[in-house]
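Working notes, structure below.
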Amino acid sequence: MLEQLGIELVKIDLPFRLNHVNCFMAEGENGWTIIDAGLNNAYTKDKWKEQIHGKEITDLFITHYHPDHFGHAGELQKMTNAEVSMTQIDSEMAFQVWTDEYIGNLYKDYKTAGIPIEMANHMANNTAEFKQLVTPYPTINHYFVEGQKVPIGPYEYEVIVTPGHAEGMVCFYNTEKNVLLSADHILPKITPNISYWFHGDPNPLKSYLSSLKSMKKLDANYVIPSHGKPFYGANDRIDELLAHHEERLEETLDVIVAGSTVYEACNRLFNFKLTVHESRFAIGETLAHLEYLRAAGECQREKRGEEWIYRKI
């Protein structure tokens, strides 16, 4: 199906448990469009040099600001002079989240979550280590907006903003072929990480569930994700994701019956060994579920010293 769509999948390896990201290339009338870029490291640079050799690259579409999608965008733009497009909100996040000011605030945020000082330091340092993997930053030439039509290969796609995993993440949908380039919104085997990072959208899980339900209206037949293999049947997978979060919310309520910090709840929900990198996402996801429950009136949050305590109502 990818060949029929005129899309080439460029699999970029990642040094994490989630060990790859799918980037894409498609040739249009005036040149090639690339979707997402991988981390900025020597391996990725060599991979793209090989992929774009002899090709005129006119556009680079970034689905969202996370490092495995945005990281190499600046270098790719330098190599190709391509115009870079992403949403304004995610471009603002990309230019803020690896600054010294932002990383400095993490120590206070992690203290609020009840994370021990030594672990909080490791987690904040892990965030800081990504700066070299996302710089130099690209110049953003165009901001995607909901409903905009863009060419990808020989077909036209609609830009669909799908908040949750990232506040300004976009997917691309082609009506003619009923095909969805789903970014990290819908993945075939794993559930996308939905985290609250102490800033931005105060209820990212609510936004994610809402955008999943809205996506069901398309009833996309063929889904091309950013991790894992393309698959058929978007709505079946959406139902599985909705059910997963319903179950996870129940589990979260169960672990805060007697009151709990974010860190304590996280350890009960993720009762297996995590790397420092994975711990950041586990804390963020736990907090997103807690804040969803708080907004729904199913738990309350109170301050104990510098820590937040969540308790089932």
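The values are calculated or read from the model by the stated rules, or taken from the named source; none is laboratory data. Please read all numbers here as calculations on a predicted model, not as lab measurements. Here the Cβ is made from the backbone with ideal geometry for all residues, glycine too, and neighbour counts use every protein chain on show. Calculation scope for accessible area: heavy atoms of the full protein, side chains included, ligands and nucleic acids excluded. Shrake-Rupley method; radii C 1.70, N 1.55, O 1.52, S 1.80 Å.
Condition first: aromatic (Phe, Trp, Tyr) and under 24 Å from Leu293 (Cβ atoms). Now tell me which residues in segment 206-256 satisfy that. Hit for segment 206-256 is Tyr208, nothing else. The number of residues in segment 36-52 that are open to solvent by 80 Å² or more (accessible area, probe 1.4 Å) and either touching a Pro at 6+ places or on another chain (Cβ under 8 Å) or among the aromatic types (Phe, Trp, Tyr) (or both) comes to 1. Annotation for segment 28-46: no member residue is touching a Ser or Thr at 6+ places or on another chain (Cβ under 9 Å), among the aliphatic types (A, V, I, L, M) and assigned to a helix (DSSP H, G or I).
Set side by side, the residues Glu156, Glu118, Glu146 differ, and just one is in a helix (DSSP H, G or I), out of contact with any Gly (no Cβ under 9 Å at 6 or more places or on another chain) and either among the polar types (S, T, N, Q) or open to solvent by 70 Å² or more (accessible area, probe 1.4 Å) (or both), which is Glu118. Scanning segment 234-247 for any residue that is open to solvent by less than 70 Å² (accessible area, probe 1.4 Å), over 30 Å from Ile34 (Cβ atoms) and among the β-branched types (Val, Ile, Thr) turns up nothing.
Here is a yes/no grid of residues against (1) more than 20 Å from the chain's Cα centre (by Cα); (2) in a strand (DSSP E or B); (3) at negative phi:
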| position | (1), (2), (3) |
| --- | --- |
| Val150 | yes, yes, yes |
| Ile160 | no, yes, yes |
| Glu167 | no, no, yes |
| Thr191 | no, no, yes |
| Ile194 | no, no, yes |
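Considering Val257, Val262, the condition of being of a type outside the set (S, T, N, Q), closer than 30 Å to Asn105 by Cα and out of contact with any Leu (no Cβ under 9 Å at 6 or more places or on another chain) is satisfied by Val257 alone. Scanning segment 19-35 for residues that are under 30 Å from Glu129 (Cβ atoms) and buried (at least 18 other Cβ atoms within 10 Å of the Cβ) returns Val21, Asn22, Cys23, Phe24, Met25, Ile34, Ile35.
Selection of segment 58-81 for residues being touching a helix residue (DSSP H, G or I) at 6+ places or on another chain (Cβ under 7 Å) and either buried (at least 23 other Cβ atoms within 10 Å of the Cβ) or charged (D, E, K, R) (or both) yields Leu60, Ile62, Thr63, His64, Tyr65, Phe70, Gly71, His72, Glu75, Leu76. The selection criterion, being in contact with a strand residue (DSSP E or B) (Cβ under 9 Å, 6 or more places away or on another chain) and in contact (Cβ under 8 Å) with a residue 60 or more places away in the chain, does not hold for Asp109. Checking Lys55, Lys11 one by one, the residue that is more than 14 Å from Ile152 (Cβ to Cβ), in a strand (DSSP E or B), open to solvent by 40 Å² or more (accessible area, probe 1.4 Å) and of a type outside the set (Gly, Ala, Ser) is Lys11 and no other.
Consider segment 121-138 and keep the residues that are in contact with a helix residue (DSSP H, G or I) (Cβ under 7 Å, 6 or more places away or on another chain) and part of a loop (DSSP other than H, G, I, E, B). The one that is surrounded by the most Cβ atoms within 10 Å (Cβ to Cβ) is Pro138.
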